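Data block below; observations after.
The values are calculated or read from the model by the stated rules, or taken from the named source; none is laboratory data. Computed from a predicted structure; not experimentally measured. No Cβ is skipped: glycine too gets one built from the backbone with ideal geometry, and neighbour counts run over all protein chains shown.
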Amino acid sequence: DVKVTQSSRYLVKRTGEKVFLECVQDMDHENMFWYRQDPGLGLRLIYFSYDVKMKEKGDIPEGYSVSREKKERFSLILESASTNQTSMYLCASSLQTGDTQYFGPGTRLTVL
Amino acid sequence: AQSVTQPDIHITVSEGASLELRCNYSYGATPYLFWYVQSPGQGLQLLLKYFSGDTLVQGIKGFEAEFKRSQSSFNLRKPSVHWSDAAEYFCAVGPLTGANNLFFGTGTRLTVIP
């Protein structure tokens, strides 16, 4: 079974802090994704990566950056956290283009 | 542009009753279609997917979905709902080529009453 893990289930940060969310997958998947989930808005794609050191912007990349130095790890970075970034963050991975995405358990981030 | 519509924000059914969750999509070609379920505080779990072939797809936990090209729909069904099915359900559509991401609907929250 594919396993996608996220470094924290719950995180509380202060406005202006730099925040790192880590995601690791163990199935040698090419593609990895970061989404945020907000009530009534569903899942919105922040960034995705289709290879090591490669990244593409999703629908809402503003205020975020990502890093993929190793195939199994995809990090989401909030350079200067703001209260409107309080949300649930979900990481996913997939083997190939358009393939099934496998999700981690999510990180609920609160920015005070 | 691609889009996915789940017209029902919240549905309540009695345990043992049948269930149908609606999903309509807008896409330029035959898409890949998915249904995911999210239990409270959890990530998303794949219920079933349609890539090609038989338009009636069987999934886990007794769920099935039918792809109807003429209606641009991919509705999820279960003949008899269990209390453990209470969760949020997301329909998603994936592209055949190009970008890797899936487009998700806004979700339908299912409440099951005894």
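Condition check: more than 14 Å from chain B (Cβ to nearest Cβ) and under 28 Å from residue B:37 (Cβ atoms). Does residue A:99 satisfy that?
When the stated conditions are applied, residue A:99 does not pass them.
Residues being in a strand (DSSP E or B) and at the interface with chain B (Cβ under 7 Å from one of its Cβ atoms): count how many of those fall in region A:40-63.
So the answer is 5.
Taking region A:25-37 as the region of interest, how many residues are touching a Ser or Thr at 6+ places or on another chain (Cβ under 6 Å) and under 19 Å from residue A:97 (Cα atoms)?
Residues in region A:25-37 being touching a Ser or Thr at 6+ places or on another chain (Cβ under 6 Å) and under 19 Å from residue A:97 (Cα atoms): 4 in total.
Can you name the residue in region A:1-54 that is basic (Lys, Arg) and under 11 Å from the mean Cα position of the chain (by Cα) and is also farthest from residue A:111 (Cα to Cα) among such residues?
Among residues in region A:1-54 that are basic (Lys, Arg) and under 11 Å from the mean Cα position of the chain (by Cα), the one farthest from residue A:111 (Cα to Cα) is A:44.
State the number of residues belonging to region A:72-96 that are away from chain B (no Cβ under 14 Å) and either β-branched (Val, Ile, Thr) or touching a His at 6+ places or on another chain (Cβ under 8 Å) (or both).
The total comes to 3.
Could you list, in sequence order, all residues of region A:12-38 that are in contact with a Lys or Arg (Cβ under 9 Å, 6 or more places away or on another chain), surrounded by fewer than 17 Cβ atoms within 10 Å (Cβ to Cβ) and not charged (D, E, K, R)?
Scanning region A:12-38 gives a single hit, A:27.
Can you tell me which residues in region A:80-94 are farther than 24 Å from residue A:27 by Cα and either modelled with pLDDT under 95 or of a type in the set (Gly, Ala, Ser) (or both)?
Those that are farther than 24 Å from residue A:27 by Cα and either modelled with pLDDT under 95 or of a type in the set (Gly, Ala, Ser) (or both): A:80, A:81, A:82, A:87.
Every residue in region B:1-59 that is touching a residue at least 60 places away in the same chain (Cβ under 8 Å), under 28 Å from residue A:5 (Cβ atoms) and more than 10 Å from every other protein chain (Cβ to nearest Cβ), please.
B:33
Please pick out the residue among A:36, A:68 that is closer than 14 Å to residue B:43 by Cβ and in a strand (DSSP E or B).
A:36
Between residues in region B:100-113 that are within 14 Å of chain A (Cβ to nearest Cβ) and without any contact (Cβ under 8 Å) to a residue 12 or more places away in the chain and residues that are buried (at least 24 other Cβ atoms within 10 Å of the Cβ) and aromatic (Phe, Trp, Tyr), which pairs lie under 9 Å by C-beta distance while being six or more apart or on different chains?
B:100/A:33; B:100/A:48; B:101/A:33; B:101/A:35; B:101/A:48
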